[in-house]
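Colleague: Dumping the structure here so I can ask a few things about it.
The values are calculated or read from the model by the stated rules, or taken from the named source; none is laboratory data. The structure presented is a predicted model; accordingly, all values stated were derived computationally and were not measured. Here the Cβ positions follow ideal geometry from the backbone for every residue, glycine too, while neighbour counts run over all protein chains shown.
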Amino acid sequence: MLRQGLAIALGAGLLVGMVGHADAAKKKRADDGTITLSGCARFWPPFCTVLSTGAQSYSLIGAVPAVPVNTGVTVVGVKSGDVSLCFGTPVRVVRWRPNKMRCPAM
């Protein structure tokens, strides 16, 4: 009987610990400053790649490989300032992938 009680208490303690760890990991992801953007990547003279989502424009920095222009993409990145030379909010690209969005050629 004592052995079963200890097993239940240990199991409950482990469960509570795992839930707390999951909440901490989720909070850390939310606090690390990453943002996810989807839209059409465009070339902006003289050397910028810009992603527009609604009324906001983001300047994509440091993508390896480079984000292709005139293509729909989903970008995960970190904001790295307020305004760049490309007249958009600079975003350091962590990763990107093409999506099924159709972008008109410009």
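Colleague: Which numbered condition in (1) surrounded by fewer than 19 Cβ atoms within 10 Å (Cβ to Cβ); (2) under 20 Å from Asp32 (Cβ atoms) is the only one that Asn70 fails?
Modeller: (2)
A quick yes/no check of all residues on (1) of a type in the set (S, T, N, Q); (2) without any contact (Cβ under 8 Å) to a residue 40 or more places away in the chain:
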site	(1), (2)
Val50	no, yes
Ser59	yes, yes
Val73	no, yes
Ser80	yes, yes
Cys86	no, no
Arg92	no, yes
Lys100	no, yes
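Colleague: Do you know which of the residues in segment 49-67 that are farther than 14 Å from Ile35 by Cβ and part of a strand (DSSP E or B) is modelled with the lowest pLDDT?
Modeller: Step by step, filter segment 49-67, then rank; the result is Ser52.
Colleague: Looking only at segment 33-44, decide whether some residue is modelled with pLDDT of 80 or more, in contact with a Lys or Arg (Cβ under 9 Å, 6 or more places away or on another chain), among the aromatic types (Phe, Trp, Tyr) and assigned to a strand (DSSP E or B).
Modeller: No: zero hits.
Colleague: Read through the list (1) modelled with pLDDT under 90; (2) closer than 20 Å to Asn99 by Cβ; (3) basic (Lys, Arg), then give the number of the only condition that Lys27 fails.
Modeller: Condition (2) is where Lys27 drops out.
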